[in-house]
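Have a look at the structure below before the remarks.
The values are calculated or read from the model by the stated rules, or taken from the named source; none is laboratory data. On a predicted model such as this, the values are computed, not experimentally measured, just so you know. Here the Cβ is made from the backbone with ideal geometry for all residues, glycine too, and neighbour counts use every protein chain on show. We work out accessible area using only protein heavy atoms, side chains counted, and drop any ligands, DNA or RNA first. Shrake-Rupley method; radii C 1.70, N 1.55, O 1.52, S 1.80 Å.
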Amino acid sequence: MRAGIRCVERKGLQGLSIEDVAQEAGVSRTTIYRYFPGGRAQMVEETATWEVARFWRRLARAVADLPTLEERLVRGLELGSQIIKRSTIMANLMDPELNELVSALQPAEPIVHQVIRDYLAELLADEAAAGRLRDGIDLRQAADYLTRMMISFLGSPAGWDLTDADQTRRLVRREFLGGIVRPTVAPA
Amino acid sequence: MVSGGSTPGGPIAEPAQADAGVDVAALMSPAELRVADALLRCVARWGMAKTTVEDVAKEAGISRATVYRLFPSGKDAIVRASIQAQVARLVAVISDELAATSNLEDCLVAALVESTRFITENHAFSYLRAHEPESVEAYLAFDRLDGIFGLAGSLVSGSLGRFLPDDEAYEVGVWCARLVVSYLILPSDDVDLAAPDSARAVVRTYLLPALIDQQAINPTHPRPDPVVNDGPTESNPEEP
């Protein structure tokens, strides 16, 4: 898989072939087919999914020591958008390749969503225990909402510069947590 | 909302969406629009993967060369134009509904419900969702969506502007578009934005409190493009 990623970084997704990856990894084509009996399509799908999982694990690790959900979301958005901006794979993607990548990722999407949701539900439970949530918040539903927002913003920031800490904090306080977390200053 | 022309499950006549003129015409030329609409008809018939530029040209009744002159990069560009045209039509179709609302909550609920319904009733969309879900996502992915969100936000901000300052209306419009797309891509067991009650619960839980309390939450108010912020706090009392 690492060899596959290096090949994609160099030549783009469309140029990816089993031969290249075998050469890069220093193994035979037969070996590659043993790992990926479905051939190139399976290799692309599994490699892409693996990369996505690695991306989210990296975010979770980076925010693990931060004290509040707000801090974690802000840092996660910042770091996530930096990683995506820097990613040579994403930057070099042409239209047809983007189509292929999205198709490859699609089967894993509900699972990714679920894993992030469960993670956020735990964080929300901590916030609730600390008395920081508004009354009547359903943890599972709120976690689902936050998951959608997180995925949506990392994919399509639509004008927000998430590498800017002030903007991101404002965004998180408002669109992410505005209805979930109690206002820190009581409304007049 | 597709003005009587298309009954769901009926023959695949192109949705006879009355073009509220201005909006779509401002986005592209009549020839481009003709090609964009021809693509939607082809997709509604046999899907995205099997639709070629040749098919689209034939359906539009113009030559392949002309299609490529209008859209040099081919099919992907035509798809983007089709989506833009549909977003503009969507906003034109729902703007009456939005104008009929008398408060922010109702306006947001109407925006979520009506746009979700408009999109799910579209023949091209429903074909793709049933048969080629991956191609729906491909065109709603990453930076492609930024443009759609921006367009939706600016088109809908007129209606929301009755209740919010302009730049905020734009932001909230994008926020709504984001939610609509998210629930279309990955439907939820708990939330159905096409159902008014469900959409209202989302608006009340996640949107309104943030809009009403924002002064209190964030007095310094850093934002991309600074706004003139007048009053000390909104007068709306917090919902219990």
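Residues of the range B:66-81 being surrounded by fewer than 22 Cβ atoms within 10 Å (Cβ to Cβ) and either within 14 Å of chain A (Cβ to nearest Cβ) or in contact (Cβ under 8 Å) with a residue 24 or more places away in the chain (or both), which ones?
B:T66, B:L70, B:F71, B:P72, B:S73, B:G74, B:K75, B:D76, B:A77, B:R80, B:A81
If a residue has to be of a type in the set (S, T, N, Q) and more than 8 Å from chain B (Cβ to nearest Cβ) to count, how many in the range A:135-148 make the cut?
Adding up the residues that qualify gives 1.
I need every pair where a residue in the range A:160-185 that is within 8 Å of chain B (Cβ to nearest Cβ) has its Cβ under 6 Å from the Cβ of a residue that is β-branched (V, I, T) and open to solvent by 30 Å² or more (accessible area, probe 1.4 Å), sequence separation at least 6 or different chains.
Qualifying pairs under 6 Å: A:G179/B:T205; A:I180/A:I137.
Just to be sure before I move on: is B:Y183 within 13 Å of chain A (Cβ to nearest Cβ), over 28 Å from A:L98 (Cβ atoms) and outside any loop (DSSP other than H, G, I, E, B) in the structure I sent?
In short, no.
Evaluate the following for B:D146: is it under 27 Å from B:P209 (Cα atoms), within 14 Å of chain A (Cβ to nearest Cβ) and without any contact (Cβ under 8 Å) to a residue 60 or more places away in the chain?
So B:D146 fits the description; yes.
Looking at the range A:147-166, which of the residues that are part of a helix (DSSP H, G or I) and of a type in the set (S, T, Y) is modelled with the highest pLDDT?
Among residues in the range A:147-166 that are part of a helix (DSSP H, G or I) and of a type in the set (S, T, Y), the one modelled with the highest pLDDT is A:T147.
Which of (1) within 14 Å of chain B (Cβ to nearest Cβ); (2) more than 19 Å from the chain's Cα centre (by Cα); (3) free of Cβ contacts under 8 Å to residues at least 60 places away in the same chain does A:I151 not meet, given it meets every other one?
So A:I151 meets the others, but not (2).
Within the range B:129-150, can you find the residues that are closer than 15 Å to B:R80 by Cβ and more than 15 Å from the chain's Cα centre (by Cα)?
The answer is B:S135, B:A138, B:F142, B:D143.
Search the range B:99-108 for residues being under 20 Å from B:E168 (Cα atoms) and over 14 Å from the mean Cα position of the chain (by Cα), and hand back the single one that is surrounded by the most Cβ atoms within 10 Å (Cβ to Cβ).
If we take residues in the range B:99-108 being under 20 Å from B:E168 (Cα atoms) and over 14 Å from the mean Cα position of the chain (by Cα), then B:C107 is surrounded by the most Cβ atoms within 10 Å (Cβ to Cβ).
Please verify whether B:S126 is buried (at least 17 other Cβ atoms within 10 Å of the Cβ) and more than 9 Å from every other protein chain (Cβ to nearest Cβ), treating the condition exactly as stated.
no
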